[in-house]
Amino acid sequence: MVIVKEKLLHQTKDGEIPKGWGVASLAELATVNEKTIDKTFGFDEIEYIDIASVDRGRILEIKKINKEEAQAALREFARITTSCFQPSGPI
């Protein structure tokens, strides 16, 4: 009996990626939210759903946070997102 190991990756110009995946720029996959929370934001409090409050497509908890907390949460999200998806080589 011969066992053939199926190759699960395929080569792209940016390196190997899983079969069925593609290469795209962030701009092709996401848009910038034009509505930001700044000093002109008209509400003192917002409803916020963090990732820990979502389980298998269900929202477990909606938190109410003030503007300052919202701005800090967004800065932290941006810091984590950019550090997780930062390219490993030259751009």
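The values are calculated or read from the model by the stated rules, or taken from the named source; none is laboratory data. Keep in mind that what you see is a predicted model, and the values were worked out from it rather than measured. Every residue, glycine as well, gets a Cβ built from its backbone with ideal geometry; the counts of neighbours run over all protein chains shown.
So, residue 24, is that one modelled with pLDDT of 85 or more and more than 18 Å from residue 71 (Cβ to Cβ) or not? Yes. In the stretch 63-72 there is no residue that is touching a Lys or Arg at 6+ places or on another chain (Cβ under 7 Å) and either of a type in the set (Val, Ile, Thr) or modelled with pLDDT under 80 (or both). Going through (1) surrounded by 10 or more Cβ atoms within 10 Å (Cβ to Cβ); (2) more than 30 Å from residue 12 (Cβ to Cβ) one by one, residue 77 falls short only on (2).
Scanning the stretch 31-59 for residues that are aliphatic (A, V, I, L, M), surrounded by 10 or more Cβ atoms within 10 Å (Cβ to Cβ) and at pLDDT 75 or above yields 46, 49, 54. Applying a threshold of 9 Å to beta carbon distances and a minimum spacing of six or more residues, or different chains, the list of pairs starting in the stretch 6-30 at a residue that is without any contact (Cβ under 8 Å) to a residue 24 or more places away in the chain and at negative phi and ending at one that is exposed (fewer than 10 other Cβ atoms within 10 Å of the Cβ) and outside any loop (DSSP other than H, G, I, E, B) reads 8/18; 9/18; 10/18; 17/11.
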